[in-house]
Structure formats: C-alpha cells, structure tokens
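The values are calculated or read from the model by the stated rules, or taken from the named source; none is laboratory data. Just so you know, these numbers come straight off a predicted model, no measurement behind them. With ideal geometry, Cβ positions are generated from the backbone for all residues, glycine too; neighbour counts draw on all protein chains shown.
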Amino acid sequence: MNIDSNDLIKSFQGSLPINLKLLANLFQVRELVIHPEEVSPLYLLNDGKSPASLHLPLDTYIGMETLLTKQYFPQTIHMMNEVIRGGNESYALIDIGANIGLYTRQSLNIFKKINKVFAYEPHPNNFSLLLKNLSNIRDIEMNMYGLGTKNATLEFYLDPNNNGNYSLNKNAMSEMHGQINVDVKNAAEESIKWMNSFEGEFIYKSDTQGYDETIISAIEPSFWSRVKCGVIELWRIEGKDYDVDSFIRMLDSFPCKMFEKMPGKNVSSLEVLQFLNSNDGASEDLLFWRV
C-alpha cells in the first residue's frame, strides 16, 4: 500500500495542535528543539561558527506555526531589507516584545549589516527561550523587562494558547487569560542608552499587543532621527494611554509609511490615526522608513 506524502503532511498538520497539548500536559514537555536547515531564514551560526539550535514553545500558535512553516512571518523583514540594502554599513536592531527571538534571528539572517541588538522580553518563560535562541550570537543585549513611561512593576496579561499574545493592556486578551507581574523600565532612559552605546543608525521593531504607541511616545524624541526604518504593530483596542502629539511627531518624521497589507501605498500620519480610531480588535503592521 502506497501512502501519499501530501496525505501524511495534512494528517500531521491536523493532529499537531492536540499532540502539542498532550506533550505539554501529559508528558511535561516544555519546549521543542529543532535544527534549521541552512536555507531557512531562522538559520544562524553562533560565535563558534556552529549552527545554533532553535527552541520553540509548545503553544498552538508561535511554536506550531514556526514548526510547520520553518519561518515566522518574515515578510516585513524582507521588505525592510530592501530599504537598507544600499544604506550604511552598520545598524543596531531594537526588538521590543522580542518574545523567543524569532524576529531577531530572521533579521540577523537577512540583514547582514546588523552589528548590535537590544532585545526586550518581560515574560520569564519566553525570556528563557530567548536566551537559548540568541546566546553567543553576535552582540546581543537581552533584557527581561518591558518598556513604558516609567520604572514600575505592572500586571502582564497572558493568552493561554498563544505565547506571542501577552500584553500590558488587558483589552488585548479574551475573557480566559492569566496574569503575572513584570518589571517595566522607562523607555526614554533606555533610548538614551541605545544612542550612547551605538554610533550608527537603528532599525526599530515593537510588537507589544496594544502597547506600541505608549512606548513610542515615551522614547526620547532625538532617537527617531537616527532610525532608518522600523515596524510596529497597531491594535484597535480600548485602554490605551499615550501622548498622541508625541506619537504623531514620530510618524511625521518618516516620509515613508505603509501598512503591510497595503504594499506600495504610502499613508499619512492622519491615515494612521484614522485606522486607530476604532475598538474593533483589528491589528495591522505599519512599516516606516526614510530614503
């Protein structure tokens, strides 16, 4: 009896969510370790020039999606690579909401000009995987705290099925969610540290489930003049508290702005604010850059 390989793949994909839950709940497996092939955007060499293994959570979103596709939504990274292709020889990546390091790993794979990374992830389990996925790889500073308007300990809300859907904004969660307390540091102070410790330009990324505008409006304004390009995730939810004028000034400082789902269409700061003028729970990635 011959078994079609496509049928096997479909069967494996269909049974994977329940199998991941069984591994976690019945067998106490906490992570998967895979070894990306050289052609994968998640492939990296460590400082010893050996392939770095990749550690994934057993959730049914980030872990499963990455296992099945052998990447994690690299579209925006490829788009930004086009922006910096002919630019400076040295960039630093700011990764806020670094999670387990998938964005940074793919960026280091594709952006050959990144020489420094500042990564921020406040959740202890995600941070543990972040350390495993990025240790001994170039110059990476990993910080187990979030960023906000001041130094504080805040409630952090957790989606039980998606390790990537954690937020300081409770409205990003469904009714069934958990919570812990995490440390948050002043984003203005951190941005001064970035500028003082790196002389080149920056690539900025934040993905904090409804908290991006708060962080952006708190960052030292002079930082944005040294940013070549970036991507932020904008959520249309209630409970946001940020300086709208500071956010608009940041947007205005970049002549090129584009929603990922509308490639080729340059949008204005007003159009970005109009997108945010709703509480329907929709989200969209916004890319911004200067030529």
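Side notes on the structure shown:
- Qualifying residue in the stretch 82-95 (condition: in a helix (DSSP H, G or I), in contact with a Pro (Cβ under 8 Å, 6 or more places away or on another chain) and within 25 Å of Glu201 (Cβ to Cβ)): no
Results for (1) of a type in the set (Val, Ile, Thr); (2) within 19 Å of Lys132 (Cα to Cα), shown as yes or no for each residue.
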residue	(1), (2)
Ser15	no, no
Gly48	no, yes
Asp59	no, yes
Tyr72	no, yes
Ile77	yes, no
Met80	no, no
Arg85	no, no
Ile96	yes, yes
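- Within the stretch 146-252, strands (runs of 3 or more DSSP E) holding 2 or more residues that are over 20 Å from the mean Cα position of the chain (by Cα) and surrounded by fewer than 17 Cβ atoms within 10 Å (Cβ to Cβ): 152-158, 178-186
- Residue, modelled with the lowest pLDDT, within the stretch 274-291, restricted to residues that are surrounded by 15 or more Cβ atoms within 10 Å (Cβ to Cβ) and within 25 Å of Arg226 (Cβ to Cβ): Arg290
- Note on the stretch 81-112: residues that are surrounded by fewer than 16 Cβ atoms within 10 Å (Cβ to Cβ) and not small (Gly, Ala, Ser) amount to 6.
- Of the residues making up the stretch 109-130, those that are closer than 21 Å to Gln71 by Cβ and in a helix (DSSP H, G or I) are Asn109, Ile110, Asn126, Leu129, Leu130.
- Selection over the stretch 44-87 of residues that are closer than 15 Å to Gly164 by Cα and touching a His at 6+ places or on another chain (Cβ under 7 Å) gives a count of 0.
- Per the conditions (1) polar (S, T, N, Q); (2) closer than 26 Å to Lys228 by Cα; (3) in contact (Cβ under 8 Å) with a residue 40 or more places away in the chain, the sole criterion not satisfied by Gln71 is (3).
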